[in-house]
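Student: Handing you a structure now.
The values are calculated or read from the model by the stated rules, or taken from the named source; none is laboratory data. Remember, it's a predicted structure, so these values are computed and weren't measured experimentally. Here the Cβ positions follow ideal geometry from the backbone for every residue, glycine too, while neighbour counts run over all protein chains shown. Accessible surface is based on the protein model in full, side chains and every heavy atom, while ligands, DNA and RNA are left aside. Shrake-Rupley method; radii C 1.70, N 1.55, O 1.52, S 1.80 Å.
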Amino acid sequence: MKIIEKHITRRDIITYYVKYDRQKKGLPVIKNLETWPWNDANAIDKQLQSNNLKTGVLSAYCEWQLAQLDYADIADCAIVNHIFPGQPQALGRINQSHIAKSKPNGNPEWWEPLSSGSDIPREWALILRPTVASELPAKWYIEDGSGRALALFQRMLVNQELWRTAYAYLGIIPDEGSHFIQKRPELLRNCVEKGGQAVFW
């Protein structure tokens, strides 16, 4: 994993996500974003919820990093469990025949570029957090972008293009006041900051 940028704030990551999600859905920009309570994870969640946006992880981490993932990193990521019921969540442990036949519902904007050989650009970056026990042995859980990651991983496997990469934002420093973190205390236990670099185990 190659770290591209460190010390990305919660406000930065939510601003990115809101812009991406609204554009994807053809919705207008949120005009009052700068007035959101950026130091209060749970108040931010209320704002996200009121705008029909994903709550929890985005507000739960005070600091993020931008990384470029290689094949091994993506294989170590867990996707949402309803895509392949009964299979492991870690992409690298899912039966490859299932991955090869997979297609998204509808025709999302990323499907044609990724299935045709593009990498995941920064504009479509995945959003990751460390895994909890139920998601092991994966190292990261894809909070937003399971479909994108699966499409790229499929291209890697089917065409043996293991050199491909993906951009992803990693939740690094959890906010102890976040209700999301409080319900998952292992996300506090499996992170320690050493010299400005978060280390996971």
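Student: Which pairs turn up if I take residues in the range 92-111 that are under 21 Å from Tyr167 (Cα atoms) and look for partners that are of a type in the set (Asp, Glu) with beta carbon separation below 8 Å, at least 6 apart in sequence or on another chain?
Tutor: The qualifying pairs are Gly92/Asp76.
Student: Which pairs do you get when a residue that is over 16 Å from Glu176 (Cβ atoms), found in the range 59-74, comes within reach of a residue that is among the hydroxyl-bearing types (Ser, Thr, Tyr) and buried (at least 24 other Cβ atoms within 10 Å of the Cβ), reach meaning Cβ atoms under 6 angstrom, with the pair 6+ apart or on two chains?
Tutor: Once the first residue is over 16 Å from Glu176 (Cβ atoms) and sits in the range 59-74, its partners that are among the hydroxyl-bearing types (Ser, Thr, Tyr) and buried (at least 24 other Cβ atoms within 10 Å of the Cβ) give Trp64/Tyr169; Leu66/Tyr169.
Student: Between residues in the range 179-196 that are closer than 12 Å to Pro130 by Cβ and modelled with pLDDT under 90 and residues that are of a type in the set (A, V, I, L, M) and in a helix (DSSP H, G or I), which pairs lie under 9 Å by C-beta distance while being six or more apart or on different chains?
Tutor: Leu188/Ile181
Student: If only one of Lys46, Lys103, Lys19, Lys6 is closer than 14 Å to Phe153 by Cα and either assigned to a helix (DSSP H, G or I) or not aliphatic (A, V, I, L, M) (or both), which one is it?
Tutor: Values: Lys46 fails: closer than 14 Å to Phe153 by Cα; Lys19 fails: closer than 14 Å to Phe153 by Cα; Lys6 fails: closer than 14 Å to Phe153 by Cα.
The match here is Lys103.
For (1) under 17 Å from the mean Cα position of the chain (by Cα); (2) open to solvent by 50 Å² or more (accessible area, probe 1.4 Å), each residue gets a yes or a no:
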| residue | (1), (2) |
| --- | --- |
| His82 | yes, yes |
| Ile99 | no, no |
| Ser116 | no, yes |
| Glu123 | yes, yes |
| Thr165 | yes, no |
| Gly171 | yes, no |
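Student: Now a separate question. Considering only residues of the range 1-35 that are in contact (Cβ under 8 Å) with a residue 24 or more places away in the chain and farther than 24 Å from Trp110 by Cβ, which is surrounded by the most Cβ atoms within 10 Å (Cβ to Cβ)? Spell out the reasoning first.
Tutor: Taking the range 1-35 and keeping what is in contact (Cβ under 8 Å) with a residue 24 or more places away in the chain, we get 1-14, 16-18, 20-21, 24.
Filter once more, keeping what is farther than 24 Å from Trp110 by Cβ: 6-7, 9-11.
Working: Lys6: 14, His7: 11, Thr9: 13, Arg10: 22, Arg11: 14.
Ranking the candidates gives Arg10 first.
Student: Using the structure shown, decide if Asp40 is open to solvent by 40 Å² or more (accessible area, probe 1.4 Å), in contact with a Phe, Trp or Tyr (Cβ under 8 Å, 6 or more places away or on another chain) and in contact (Cβ under 8 Å) with a residue 40 or more places away in the chain. Before the answer, list the steps.
Tutor: Details: open to solvent by 40 Å² or more (accessible area, probe 1.4 Å): yes; in contact with a Phe, Trp or Tyr (Cβ under 8 Å, 6 or more places away or on another chain): no; in contact (Cβ under 8 Å) with a residue 40 or more places away in the chain: yes.
For Asp40, the condition - open to solvent by 40 Å² or more (accessible area, probe 1.4 Å), in contact with a Phe, Trp or Tyr (Cβ under 8 Å, 6 or more places away or on another chain) and in contact (Cβ under 8 Å) with a residue 40 or more places away in the chain - is not met.
Student: When you look at Gly92, is it more than 12 Å from the chain's Cα centre (by Cα) and under 30 Å from Arg189 (Cα atoms), yes or no?
Tutor: Details: more than 12 Å from the chain's Cα centre (by Cα): yes; under 30 Å from Arg189 (Cα atoms): yes.
The answer is yes for Gly92.
Student: Could you run through the range 61-91 and say how many residues are of a type outside the set (S, T, N, Q), in a strand (DSSP E or B) and either within 19 Å of Ala166 (Cα to Cα) or in contact with a helix residue (DSSP H, G or I) (Cβ under 6 Å, 6 or more places away or on another chain) (or both)? Before you say what the answer is, go through the steps one by one.
Tutor: Residues of the range 61-91 that are of a type outside the set (S, T, N, Q), as a first pass: 61-64, 66-67, 69-80, 82-86, 88, 90-91.
Subsequent filtering for residues that are in a strand (DSSP E or B) retains 61-64, 66-67, 69, 77-78, 90.
Retained after the next criterion (residues that are either within 19 Å of Ala166 (Cα to Cα) or in contact with a helix residue (DSSP H, G or I) (Cβ under 6 Å, 6 or more places away or on another chain) (or both)): 62, 64, 66-67, 69, 77-78, 90.
Adding up the residues that qualify gives 8.
Student: Working only within the range 125-140, note down all residues that are part of a loop (DSSP other than H, G, I, E, B) and open to solvent by 30 Å² or more (accessible area, probe 1.4 Å). Give the derivation first.
Tutor: First pass over the range 125-140, keeping only residues part of a loop (DSSP other than H, G, I, E, B): 125, 131-132, 136-139.
Of everything in the range 125-140, those that are part of a loop (DSSP other than H, G, I, E, B) and open to solvent by 30 Å² or more (accessible area, probe 1.4 Å) turn out to be Leu136, Pro137, Lys139.
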